[in-house]
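The values are calculated or read from the model by the stated rules, or taken from the named source; none is laboratory data. All figures in this text were calculated on a predicted structure; none of them were measured in a lab. Positions of Cβ are backbone-derived with ideal geometry, glycine not excepted, and every protein chain shown enters the neighbour counts. The accessibility values were calculated without ligands, DNA or RNA, using every heavy atom of the protein model including side chains. Shrake-Rupley method; radii C 1.70, N 1.55, O 1.52, S 1.80 Å.
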Amino acid sequence: MQKFIEKTNVLMEAMPYIRLLRGKPVVIKFGGSAMENTDNSRSILADVAFMECVGIHPVIVHGGGGAISRRMREAGIQPKFVNGLRVTDSESMRVVEEVLNHEVNVEIVETLIASGARATGLHGPGIISAEKRVVQDNVGVDLGFVGRVAAVDTAPITACLQADIIPVITPLGRGPDGRVYNINADDSAAAVAVAINAFKLVFLSDVPGVMRDAKDADSVISSLTRSEIEALIRSRVIQAGMIPKIQGALAAMAAGVRKVHIIDGHVLHSLLLEIFTDKGIGTEIINDN
């Protein structure tokens, strides 16, 4: 009997969060090595299907860097990165488009459908306008077809949400020259969240959240404000790969997104644990009071 009571307590704990989020869009950036593990991937997407089932409107923006690098090596192309950005020439861009649009995106959609949700893929170039990205501190470095988000056409996304369909978006955009550009998935997710006025933005990460000590997983900071984040950046507690997520988080919140979460995609059902429990498991970023 105690087991059943504990299950009831879990549902009761989740109820106020479900009520708060019901009918609201939540953008989820799905990427990192969690995508490479079948159990992790299915767990995360089952969480997304649950969110849709209880009336929340999830939107997925996904990466696929591991799959892209593997395909490039198979094609005899050596992946090259500058400041964490993939140098993308015409040949590499063909691989990026094929993997993101026709492999990773399709697999995510099919997994969501198998979990009982309705989902559809939206290819980034159809909804995201891009501009070429230049690396400021590397004079003479041309990233090729690497871009940043210039604008987002929200109509296809809104149409999906109104029909209770989960949109799954690739981080690609079309430039003013008509060419397709590869865009950082964190940046794409933040831009989509701002464009659709999302209530929450969730980054699935390879780490448990923002940590005071990068070597100590138990040092995760459960909640941070903008001013606290700025102090942690100055003291270099926040650095390296966490910076793009934090910058995207702050920009999204400045534009109206209520909360941003950074959670570990390797923890089974990490989305449900973070969003529907009092304590959560990652880092939530909130505005200063």
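Expressed as a whole percentage, what fraction of the accessible surface of the chain belongs to carbon and sulfur atoms when a 1.4 Å probe is rolled over the protein heavy atoms?
In the chain, the share of accessible area belonging to carbon and sulfur is 51 percent.
Specify whether the C-alpha gyration tensor of the range 1-156 places it in the rounded, prolate or oblate class, a ≥ b ≥ c being the square roots of the eigenvalues: rounded for a/c under 1.5, otherwise prolate if a/b is larger than b/c and oblate if not.
Because a/c hits 1.5 or more and a/b exceeds b/c, the range 1-156 counts as prolate.
State in Å² the accessible area per residue of the chain; use a 1.4 Å probe, count heavy atoms of protein chains only, and round to the nearest integer.
So the chain comes to 48 Å² accessible per residue, rounded to a whole number.
Using alpha carbons only, how many degrees (0 to 90, rounded to 10) separate the axis of helix 105-114 from the longest principal axis of the chain?
The two axes meet at around 20 degrees.
Among 246-253, 176-183, 226-233, what's the highest-first ranking by average C-beta atoms within 10 angstrom per residue?
Answer by packing, highest mean first, reads 246-253, 176-183, 226-233.
Which ³J(HN,Hα) values, rounded to whole Hz and listed in residue order, are derived for the range 247-256 from phi using the Karplus coefficients 6.51, -1.76 and 1.60 in 6.51 cos²θ - 1.76 cosθ + 1.60 with θ = phi - 60°, glycine and proline given as x?
4, x, 4, 5, 5, 5, 5, 5, 9, x
Could you work out the relative contact order of the range 12-64? I mean the mean sequence separation of Cα pairs under 8 Å and 6+ apart, divided by the number of residues, in percent.
Relative contact order, the range 12-64: 55 percent.
What percent do you get for the relative contact order of the range 200-289 when only Cα pairs under 8 Å and 6+ apart count?
Worked out over the range 200-289, it gives 44 percent.
Take the alpha carbon gyration tensor of the range 192-289, find the square roots of its eigenvalues, order them as a ≥ b ≥ c, and report rounded if a/c is under 1.5; if not, report prolate when a/b exceeds b/c, else oblate.
Oblate is the answer for the range 192-289, as a/c is 1.5 or above yet b/c matches or exceeds a/b.
Compare the Cα positions of GLN162, GLN239, LEU272 along the charge dipole of the chain (+1 at Cβ of Lys, Arg; -1 at Cβ of Asp, Glu; about the Cα centre) and return the one farthest towards the positive end.
Towards the positive end, the residue furthest out is GLN162.
Would you grab the residues whose amide H sits under 5 Å from the one on ARG179? Only those 5+ places off in sequence or on another chain, please, with H modelled 1.01 Å from N.
none
Largest first, what is the accessible-area ranking of PHE81, PHE276 with a 1.4 Å probe?
PHE81, PHE276
Within a Cβ distance under 13 Å of ILE165, other residues only, what is the Lys/Arg minus Asp/Glu net charge?
Taking every other residue near ILE165 into account, the sum is -1.
Report ³J(HN,Hα) in whole Hz for each residue of the range 166-174, in order, from the Karplus equation J = 6.51 cos²θ - 1.76 cosθ + 1.60 where θ = phi - 60°; Gly and Pro get x.
So the Karplus estimates, Gly and Pro as x, are 7, x, 10, 10, 8, x, 10, x, 9 Hz.
For semi-axes √(5λ) of the Cα gyration tensor in Å, pick the label among (i) 30, 23, 18; (ii) 38, 27, 19; (iii) 105, 12, 11 that corresponds to the value derived from the coordinates.
(i)
Could you rank GLU131, GLU274 by how accessible they are, 1.4 Å probe, largest area first?
My answer, sorted largest first, is GLU131, GLU274.
Charges only on Cβ, +1 for Lys and Arg, -1 for Asp and Glu: so what's the dipole of the chain about the Cα centre, in debye to the nearest 20?
Computed about the Cα centre, the dipole is about 340 debye.
Can you tell me the orientation of helix 38-53 relative to the chain, as the angle in degrees between its alpha-carbon axis and the longest Cα principal axis, to the nearest 10?
Taking the Cα atoms of the chain, the angle to 38-53 is about 60 degrees.
Where nothing but the Cβ of Lys and Arg (+1) and of Asp and Glu (-1) is charged, how large is the charge dipole of the range 1-79 around its Cα centre, in debye to the nearest 20?
140 debye
So what J values fall out for the range 74-89 if you push phi through Karplus, 6.51 cos²θ - 1.76 cosθ + 1.60 with θ = phi - 60°, rounded to Hz, Gly and Pro as x?
Rounded to whole hertz, the list is 4, 8, x, 10, 7, x, 9, 10, 10, 6, x, 9, 6, 5, 10, 8.
Would you work out which of VAL87, ILE183, PRO58 lies farthest towards the positive end of the dipole of the chain, given +1 charges on the beta-carbon of Lys and Arg and -1 on that of Asp and Glu, about the Cα centre?
Positive-most Cα among the choices belongs to PRO58.
Give the shape of the range 102-259 as rounded, prolate or oblate, defined through the alpha-carbon gyration tensor: a ≥ b ≥ c are the square roots of its eigenvalues, a/c under 1.5 means rounded, and otherwise the shape is prolate if a/b is larger than b/c and oblate if not.
Because a/c hits 1.5 or more and a/b fails to exceed b/c, the range 102-259 counts as oblate.
Tell me which residues come under 5 Å, amide H to amide H, from GLY31 once H is placed; ignore anything under 5 positions away on its chain.
GLY63, LEU204
Structure shown: which of LYS80/LYS132; LYS29/LYS132; LYS24/LYS245; LYS7/LYS215 lie over 27 Å apart, alpha-carbon to alpha-carbon?
Cα-Cα > 27 Å for LYS7/LYS215; rest within.
For the chain, what's the relative contact order in percent, using C-alpha pairs closer than 8 Å and at least 6 residues apart?
The value is 22 percent.
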